[in-house]
Amino acid sequence: MTEEKLSRENIRSFILIYFKLGRSAEETRQDLFTALGVDAPGIATVYRWRQKFRNGDASLDDEDRAGRPTNSHAVEVVRAWLDEHPNSSVRVISCGLTLPRSTVYDILTKNLGLRKFKSKWIPHMLTDEQKSRRISLSRDLLSILSGMSERKLCSVITADESWFHLTTDRDGRWAERPEDVPPRVKGDFPRKVMVFVAWCPYGPKLVVPLPPNTSFNSTFVSDVLVERFKEAAIFGKKRGSLEGLVLHWDNARPHVSNVTTGLFGASGVTTLPHPPYSPDVAPCDFYLFGYLKHRLAGQSFDKADDLVQAIWKIMEQIPKSVYVSVYTEWMTRLQRVIDLEGEYYF
């Protein structure tokens, strides 16, 4: 006895049931192929009917059309694909729906008016409370900075620490043949050094490498950085003491520990507030470190002291007008946090 083929309406009922059960188009197509073999509808057909069901039309009847699917059908199929796979490339959509790449591209850009964008990286997924804190402390910091004279503002020290590689030329090497480039052992990364940098529009004030086998913690701050700050020539601060120092840094644990805040507070240091989770309003993060690492790219250093000297030289070459513009941008960014109700700005 010859087995009868399922009608189109039966197949569409199957697609509708799977749609209502929340099964994907790929799962639907796979099960249909398992049951029907070459008589199973293609993935494009599955997507087209799912889109119809999604639009609230549960009818299983054929629409009046002749010949190949019209462009409107292709548009709906691509739209349905994107509903489930919004990150797909033109090539993937073309292969998945057996449509020409040129057709897929035209549908995406002309019919649907779409462009492909990459996701923006953000430092942290902010809660409402964190957004509120960002607004409050940005407002406090902006009020302090905008109330200063130009000379006083230029004496504000902003500081932070970051990792720097002693060698930054490992991305590639010029050679006649690939075999001429020596292999790299997996996990063989360039040595790196944590460097603490303090600066203001008058130039660099401190560039201090973290010694090997040392942690950047409150002990390092109190035993090393305090003494270096005392000896630094900073406008408004007495040489040999911390009194008069106006310091800004972020909320890293060593910066805000009881040991650090107690020591600095007792020594006459004014520590400016910084919003939580806010590298976007920290001058070291939004300007200096990126600039330094760009300038150091392709250079190699035998020891940390050589790296420190290179960093100091680069910072000395930055004009005061650039530093001032960074501080102006700093205040602009603080206002932006307030205007955007604590959200990050892109």
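Just so you know, all these numbers are worked out from the coordinates, no wet-lab data involved. In this text the structure is predicted, and so the values were computed from the model without any measurement. All Cβ positions, glycine included, derive from the backbone under ideal geometry; neighbour counts span all protein chains shown.
Here are the numbers for this structure:
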quantity	calculated
Computed over the chain, the ratio Rg/Rh where both radii use C-alpha atoms and Rh is Kirkwood	1.19
With 5 Å bins from 0: P(r) over region 8-111, alpha-carbon pairs, percent	2, 12, 24, 25, 20, 13, 3, 0
Net charge of Cβ neighbours under 11 Å - reference Y18; Lys, Arg +1; Asp, Glu -1	+2
Once exposed loop GluC sites (Glu not before Pro) are cut out (DSSP; at most 13 other Cβ, 10 Å), longest piece of the chain	64-175
Label-point gap, in nm, between S215 and V322 - each point 7 angstrom along Cα→Cβ	3.6
Förster radius 45 Å - calculated FRET efficiency between E343 and D39, Cβ distance, rounded to 0.05	0.25
Exposure proxy order (Cβ contacts within 10 Å, fewest to most) of R333, R253, R54	R253, R54, R333
Loop-resident sites, region 86-139, for trypsin sites (Lys or Arg not before Pro), counting at most 10 other Cβ within 10 Å (DSSP)	R115, K118, K120
Region 191-298: chymotrypsin sites (Phe, Trp or Tyr not before Pro) falling in loop per DSSP and having at most 16 other Cβ within 10 Å	Y202, F235
Residues whose placed amide H lies under 5 Å from that of T271, excluding near-sequence neighbours	L247
Per-residue ³J(HN,Hα) for region 140-145, Karplus 6.51 cos²θ - 1.76 cosθ + 1.60, θ = phi - 60°, Hz, x for Gly and Pro	5, 5, 4, 4, 5, 5
Derived scalar couplings ³J(HN,Hα) [region 192-208; Karplus, 6.51 cos²θ - 1.76 cosθ + 1.60; whole Hz; x for Gly, Pro]	9, 9, 7, 10, 8, 10, 10, 7, 7, x, 7, x, x, 10, 9, 9, 10
Value at 222 nm in deg cm²/dmol, rounded to 500, when DSSP H runs of n ≥ 4 in the chain each add -39,500 (n - 2.57)	-13000 deg cm²/dmol
Vicinal HN-Hα couplings computed from phi for region 87-94 (Karplus, 6.51 cos²θ - 1.76 cosθ + 1.60; Hz; Gly/Pro x)	9, 5, 7, 4, 4, 5, 5, 4
Centre separation in Å (Cα based) which lies between region 92-115 and region 253-324	48
Sparsely packed chymotrypsin sites (Phe, Trp or Tyr not before Pro) within region 93-167, loop by DSSP, other Cβ within 10 Å at most 11	F117, W121
Interchain or long-range residues, amide H under 5 Å from D160's placed H	V197
